[in-house]
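The values are calculated or read from the model by the stated rules, or taken from the named source; none is laboratory data. Keep in mind that this is a model prediction, so the values were computed, not measured. For neighbour counting, all protein chains shown are included, and Cβ atoms are generated from backbone atoms with ideal geometry for every residue, glycine included. These accessible areas exclude ligands, DNA and RNA; they are computed on the full protein's heavy atoms, side chains included. Shrake-Rupley method; radii C 1.70, N 1.55, O 1.52, S 1.80 Å.
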Amino acid sequence: MEPQRPRSLLTGSRRTHRKVRTGCTICKSRKIKCDEKTPTCSQCLKHGVACDILKPEQPSNANASTSATELEHERGLSLDKLDIELMHHWTLSTCYTLGDGPMLCSFWRENIVQIGLRCDFVMRSILSVTALHLAYLDPPRKPALVERSVRHYDIALKQALEALHTGNREKNLEVEEDLFAFSVLTLYYLMSSAESFTEAFIPGPRDRIQQSPDWMVFFDGAARFALTPRIRNNHRSLLSPLMREIEGLFNHRQHLRPGTYLDHLRSRIENLNLDPSSPLICTYKHAIHELDQTIGTSIESPAANSIMHIFVWLHTVSENFIPLIRGANPPQEALVILNYACMIPSRLASRWWLENWFNRLRLRSFELLDEVHRTWLVEPRFHPRD
């Protein structure tokens, strides 16, 4: 009996349709019959895409970069030449930029692709992130690549939400793995789209925030998933290398001595005219302590100096501190702590998906500080403790 072959990226059964010469551009590109209903035909309405049935027909020699075959919102991922180029770029370049060390590089190069082969919305997320990476490296192609990235991600998001609401996640571990992989890739996608992610982190134009997925939902869900015992202990899971890396980061922080790099900031907080045991002061102290541990890791343990420690810090302060930052009027002291957090990436290896976000976040958080609290910012003592 012939062994079962892995699902191919390039093959899949497709229904045949009578060739159409009228109708909207979307239906023509997908070679399906258009009912020509106005203002939106039934097919475009079904798949949630913009219909141009009322617009004049465009010339057949339109720019290829913007008239690629319309991405389908149905099961069965159909790829064109640009998507194949993106997949090639992922395996040669993008997968090596998302983490540190051979274990994580192997995870992004092999394991995440295996998940994508069984799950369309994970594969679309891979292509979406890769398109943004290629746009970063090749500015003249940026408009077309960003457009392709957004289109892939929009469809992936709809499919992931459908899986979230219909899949039996308690009994189906694969569904949980798919959703976790999508959540992590979503964070890379949002951080690469620096403007929207920054505005969703701290106050910005409300109309823009509403157009972007809530990054905290994906971040918090992914973090909680990664820390559940049945996931951590499943060494046969495709996610196992990433789980081991995350667990190692937490274990390493627990063995560090209490940090003293931010003692000057800690003193400022203690001198506030507030009850030392108040929830607000406790939140500030906890955020400073965890940030001190992150700085200590980057200085005292070069082997563990991973960019993922930034995400570990975000997780440790996500319950109480991050909501302060995301409020309508963030407290000045919370913004000071955030400014210190924005100093850390400059000490770590540069990442294309991180640099714009942290640069904008640092500028935004500094702009919101008043003159008095700007004087609280002092460069930490970035050298090993005695």
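A few comments on the model shown:
- Residues located in the range 91-125, provided they are within 24 Å of PRO345 (Cβ to Cβ), part of a helix (DSSP H, G or I) and open to solvent by less than 20 Å² (accessible area, probe 1.4 Å): THR94, CYS95, LEU104, PHE107, TRP108, ILE112, SER125
- Inside the range 316-331, residues that are open to solvent by less than 40 Å² (accessible area, probe 1.4 Å) and either part of a helix (DSSP H, G or I) or in contact with a strand residue (DSSP E or B) (Cβ under 6 Å, 6 or more places away or on another chain) (or both) make up a count of 4.
- Of the numbered criteria (1) at pLDDT 85 or above; (2) open to solvent by 30 Å² or more (accessible area, probe 1.4 Å); (3) under 24 Å from PHE218 (Cα atoms); (4) of a type in the set (S, T, N, Q), the one SER365 fails is (2).
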